[in-house]
Every structure is written in C-alpha cells, then in structure tokens.
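Reading through the structure tokens given below for one structure.
The values are calculated or read from the model by the stated rules, or taken from the named source; none is laboratory data. The structure displayed is predicted, hence computed values, not measured ones. Note: ideal-geometry Cβ built from the backbone for every residue, glycine included; neighbour counts use all protein chains shown. When the accessible area is computed, the model is the full protein with side chains, heavy atoms only, and any ligands, DNA or RNA have been set aside. Shrake-Rupley method; radii C 1.70, N 1.55, O 1.52, S 1.80 Å.
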Amino acid sequence: MAILKTENLTYCYSTGTPFEVTALDNANIEIDDGELVAVIGHTGSGKSTLIQHFNGLLKPTSGKVLVDGKDIWESKASLREARFKVGLCFQYPEYQLFEETSYKDIAFGPKNMKLSEEEIDRRVRKAAEFVGVTDDMLERSPFDLSGGEKRRVAIAGVMAMEPKILILDEPTSGLDPKGRDKILGLIKEYRQETGSTVMIVSHSMEDVAKIATKVLVMNSSKVMSYDTVDETYKRADEIMQMGLDVPQITKIFMGLHEKGFPVRTNIYTVEQGIEEIKRIRGQVNGL
Amino acid sequence: MMKDITIGQYFPGNSVIHRMDPRMKLVLTFLYIIVIFVCKNFYSLGAMVFALVLMVLFSQIPVKTILKSVKPIFIIIVFTAILNVLYTTNGTILFEWKFIHISTGGIYTAVFMVIRIISLVVASSLLTYTTSPTLITDAIERLLSPLKFMRNSVHTIAMMMTIALRFIPTLIEEFDKITSAQKARGADLETGTLVERAKALIPIFIPLFITSFRRAYELAYAMECRCYHGGEGRTRMKQMKLHGFDVVGLVFMVVVTAGVVSLNIVFPHLI
Ligand SMILES: Nc1ncnc2c1ncn2[C@@H]1O[C@H](COP(=O)(O)OP(=O)(O)OP(=O)(O)O)[C@@H](O)[C@H]1O
Ligand SMILES: [Mg+2]
C-alpha cells in the first residue's frame, strides 16, 4: 500500500489578494513504502510547497493528503500524528538551531514527542552517531560548529524523531562536493538501515542519480512524472527543456547518440557509461 | 500568516500618481492632511472627499485594496463615532435615556469625524501604495537636506529607515520559515498556558535574532567594501525631477485648498 498519497492536491499562496499564485496544481502522487524518492524541478516549480503538505505544515487549498491511508486533516490528532510520522528537514536547517548545546538541540524533536528521558537519550546518541557528530561536539554550542557540522546536527535533529518518512529539502545546497557526498551517503545509509521511506529535494540530477530509486519531476506547479531513475533519464531531453541540468555523463551519451552511435541515452553514472561503451565496442568500427 | 499584514504596502504600477515625484507626493499628502483639519463644514469636507476620490481613480489602485487600509482602524472609527454621538448635545434631541442623550448635532459631528478619519487614512495609504518605501525615505531626506546644520544626521537617519524598511519583509519571511521548521520538529505553538506559549517562542526568536545579527554584519561589510562612509560628498544615482503632472498635482491641491477655505467662509456652520 502507498505510504504517502495525494489526491488532486492544489495549493495557492496569498489567496484573495492581487498576489495570488497557484504553487501546486492538481497533484496526484502515490509513494510506496521504502522508496528513496528524489524530487527535482527548477526554482519555483513548487517542490518545497509540495513537501510541506506531507506533514501538514500547509493546508491544501483543495484536495487531500493521505499518510498511511489516513487523511491528515481529518482531526487534530491525525495532524499531530502526521507531524511525527513525517520528519521534514528544511533547506539550510542550520539556521534553525537554537539550543545551548547540540545535544539539547537534537533532543528538541523527541522531547516534543513526550518520550521518556532514556528514550530521548538513546535516540539523540543514535542519530548523532549516525551523522558523525562526536560526543565532544554534542556538548558544544551548535553555533561554534562549522557549517557542514551544523547541517549534520540539524539533520540529526529530525532523524532523532525516527519518522517513518524522512523528507529533506535540498540537504546538500551550499556544501562542497565532499560535504555533499557525505550527506548523500548518510541519507542512503539511513534508508537501508531503518527501512524508512526517504524523499529528497534537489536541483542536481547528478546527486539524484547516485542514490534515488524513484524520481518525481515537477515543472511549473505540476507533477510531470513519477518514475524510476532509468525511465526518467530516457527522457533526458525533455528534462533539459524544463531548464534542469542532467549529469555530464548523460550529456556525453546524448551527444554520441545524436552523432549516430547506437548507444542508450539513459546513462547517468560513469559505471553505466563504461558498460555501455564495452557493449557497443564490437558493433562499431574504430572503437 | 504574518505575510498578510499590509502596513505601508507598495503596489507597483504605472499610473500618473505612481510616476509623480515622491517629494511632491509627500508634500501634497502633508498639505491634504492639514487641509482636512481646516474643514469646518460638510461642504468643504465634501470637496476634500471628491478630490480624494479623483486621486484614487487616477492611481488605478483597486477600491477593495483601498478599503482594506481602513480595516485596521475600524475600532478607532467606531469608538470616535460613539464618543462624538454621546458627548455632543446641540441640535434637536432624538433620544434620551438616563445619562444618554442623542441629538442631531451629535450624529452630524460623528459622521463628520468618521469621514475625516477615513479620508486621512486613505490619503496616507495612497502615498504608501503608490510609492516604494525607499523612495519615501529618499524623498524625506531630500526635503530635509536644506537644513545644513543637520545634513549628515538626516542622511544617517534616512539610511537607517531605508534599511529597516527593506528588511521588514525579509524578517517576516524568515519568521514564517523558522516557525514552520520548528513546527516540523513538533513545536506546539497553539495550545498551552500563556507562559508555555511564550516559552514556545524561544526556539523561533533565538534563530531569528542570530540570523538578523549575521545579516547586519554582512550588510555592513558589503557597504564598507563599496566604500560607503556616510552622506558626505555622496552624489545620487537617481535624480528626482519635477514633471508637468507634478505641477498639475500642485495646482490641483492649491485649488482644492482655496475651495475649502472659501467654503468655510461661505458656510460658517457644520451643515
Ligand atoms: N510564502 C509564499 N508566499 C507567496 N508565494 C510563495 C511563497 N512561497 C513560495 N511561493 C511561490 O510559490 C511557487 C513555488 O514555490 P516553491 O518554494 O514551492 O518552489 P521550489 O520548487 O521549492 O523552488 P526552489 O528550488 O527555489 O526552492 C513560486 O512561484 C513562489 O514564488
Ligand atoms: Mg524550495
């Protein structure tokens, strides 16, 4: 059964003013348990708006959001339940840190869930260990950490709530390639270890290709497609037309294809590229 | 949410009123407010309302938006009306009960006051609706700059106002964002006692203050990097010029003022 589902979800900002914008237009999505979904789309396509519906931060203008088959806006209790089932980590989460120590900050979520002291402690230590926050860092003020460390503390703060669905809005923005790979690796590992459903919003198809199982493409407030990475990259040219960048390796293979080489175009990692070159080696003269 | 507040909101447009010199708009709005208080009877007040309606029409701001600017002071208007009805006792008595006397005079005064307040608010809103906050502060600075002895402090204050105004929307946006983020971590802002709710604001205000300080430092550095050192010897990128329609606006206001003064003399009574 789908763990997350939307029915004709529409959302408008500033309704009833001259500045009304439809940021989300009739979205129908069904996400299965255990997927690692990447949400892509260019700036202003409605990605952040979409994900803020999943834990009830935004109330749909029309349509429904179902978590575990239950309408989250049914009652106050169901809304609160969705808040804890769906963990949402915003873009630049390091700017939301506020406690005296990193430990206390990570504990903020679990504390709000009214868990016991021991359980809070267990979760905080587990999440901290997972993202590589050392005991020494836990005792320090979060404001004394480096940018990348702050980011990891903030992500741990959401992970410590142990949500069934973890959603991260552009978790890698503003990090260097090493920091980026580290965060992406963590997210992949988290899913494997806990079996939870994970969703990440990203601008970079390169990042997405590395870890996702499914890709949700958004374009001007609409859901364009929701499919496997393979299928999505078959339509790399459409994606490029929407103003998104595809991985460089994909561009190379699209170019080769255009020049008349019998290669597939849904290549998105270097390994796949090597395989593909090996495959056509026998067929083409001079290779 | 917080975004819906519309204090001094600017509605971009291209009407004659939008294109008028901000200095002229400022002066004329000031003049309008003074003349509103000069009005002594319904005839002169009517002339002022008529002038205001004309200006609103020319500005092409939707009437609905204009009415929205009156909404926040609705209570004040009602309060003023009631006080005036109760405390003015000339004219014929219409209704009497214990200490309450309602007279025609009271009702006239109340209506007069209400119209006066609404015109006042609409006129000043018209200024902020059609002029961006930066232009307003800029205009204030230029109008005050002939005061040589305090020229530098005029510039500093204007710069501070410009920066403050510029960052109000940013702060509101930031506030909304942090609120959402903390709600996503289960922060409960809606229920609980007053103390609990006040406490629930800590996780929002600490990050907000920290971000603001960071932003202030960044802005200061950026300004210094571009060699900003106060108003001395600074020239302007945008020059303000008076156009034909600015003069028309001025003439219009002068005529209205003259009209109001003569109407005041011709009709010495409220009605
Ligand atoms: N608080 C708001 N008030 C009014 N309009 C908004 C608000 N937030 C977003 N919008 C508008 O809604 C649309 C979708 O915004 P959204 O933040 O969902 O885009 P996004 O896909 O997340 O973009 P980005 O990749 O830049 O984060 C945009 O056109 C934006 O201008
Ligand atoms: Mg976004």
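The table below lists the values:
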{"read-out": "Mean Cβ neighbour count within 10 Å, used as a protection proxy, ranking B:211-217, A:131-137, A:264-270 highest first", "value": "A:264-270, A:131-137, B:211-217"}
{"read-out": "Cα-based reach from A:Lys251 at 18 Å (exclusive), listing aspartates and glutamates while leaving out same-chain residues under 8 positions away", "value": "A:Glu206, A:Asp207, A:Asp230, A:Glu231, A:Asp237, A:Glu238, A:Glu271, A:Glu275, A:Glu276"}
{"read-out": "Segment B:Val16-B:Val254, extension gain: residue separation times 0.36 nm, minus the distance between their alpha carbons", "value": "83.9 nm"}
{"read-out": "Area accessible to solvent at A:Val263, 1.4 Å probe radius, in Å²", "value": "10"}
{"read-out": "B:Glu190 accessible area, assembled protein chains, probe 1.4 Å, Å²", "value": "120"}
{"read-out": "Peptide-level mean, for A:148-159, of C-beta atoms on other protein chains within 10 Å", "value": "1"}
{"read-out": "Residue-span extension gain [B:Leu67 to B:Arg236] - 0.36 nm each, minus C-alpha spacing", "value": "57.2 nm"}
{"read-out": "Per residue, in Å², the accessible surface of the protein assembly as shown once ligands and nucleic acids are set aside, probe 1.4 Å", "value": "53"}
{"read-out": "Within 10 Å of each Cβ in A:84-97, the average number of Cβ atoms from other chains", "value": "4"}
{"read-out": "Computed label-point distance, nm, for sites B:Ile210 and A:Leu79 using a 7 Å Cα→Cβ extension", "value": "2.8"}
{"read-out": "A/B buried area, accessible surface, summed, 1.4 Å probe, Å²", "value": "1900"}
{"read-out": "Sequence of B:Leu194, A:Leu216, B:Leu120 when ordered by accessible area, the most exposed leading, probe 1.4 angstrom", "value": "B:Leu194, B:Leu120, A:Leu216"}
{"read-out": "Solvent-accessible ranking of B:Cys39, B:Cys225, largest area first, probe 1.4 Å", "value": "B:Cys225, B:Cys39"}
{"read-out": "Apportionment of accessible area to carbon and sulfur, segment B:51-105, percent (1.4 Å)", "value": "76"}
{"read-out": "Accessible surface of B:His269 - all protein chains present, 1.4 Å probe, nearest 10 Å²", "value": "130"}
{"read-out": "Note, ³J(HN,Hα) from phi for segment A:106-114, Karplus 6.51, -1.76, 1.60, rounded to Hz, x at Gly and Pro", "value": "5, 6, 4, x, x, 5, 5, 7, 6"}
{"read-out": "Residue among A:Asp245, A:Asp181, A:Asp144 with the largest mean-square fluctuation in a Gaussian network model of chain A, springs linking Cα atoms under 10 Å", "value": "A:Asp144"}
{"read-out": "Label point 7 Å beyond Cα of B:Ile76 along Cβ direction - residues of segment B:103-118 with amide nitrogen under 15 Å", "value": "B:113-118"}
{"read-out": "Built amide H within the under 5 Å cut-off of A:Lys70, gap 5+", "value": "none"}
{"read-out": "Inter-label distance, nm, simple model (7 Å from Cα along the C-beta direction), B:Ser124/A:Gln192", "value": "6.5"}
{"read-out": "HN-Hα J in Hz across segment A:181-191 - Karplus 6.51, -1.76, 1.60, θ = phi - 60°, x for Gly and Pro", "value": "4, 4, 4, 4, x, 4, 5, 4, 5, 4, 5"}
{"read-out": "Across B:Lys40/B:Lys68; A:Lys188/B:Lys199; A:Lys178/B:Lys199; A:Lys104/B:Lys177, pairs whose alpha-carbon gap is larger than 32 Å", "value": "A:Lys188/B:Lys199; A:Lys178/B:Lys199"}
{"read-out": "Most to least accessible of B:Leu165, B:Leu242 (protein chains only, probe 1.4 Å)", "value": "B:Leu242, B:Leu165"}
{"read-out": "Members of A:Lys5/A:Lys76; A:Lys111/A:Lys150; B:Lys25/B:Lys241; A:Lys70/A:Lys234; A:Lys59/B:Lys183; A:Lys5/A:Lys59 lying beyond 23 Å, as alpha-carbon distances in this model show", "value": "A:Lys70/A:Lys234"}
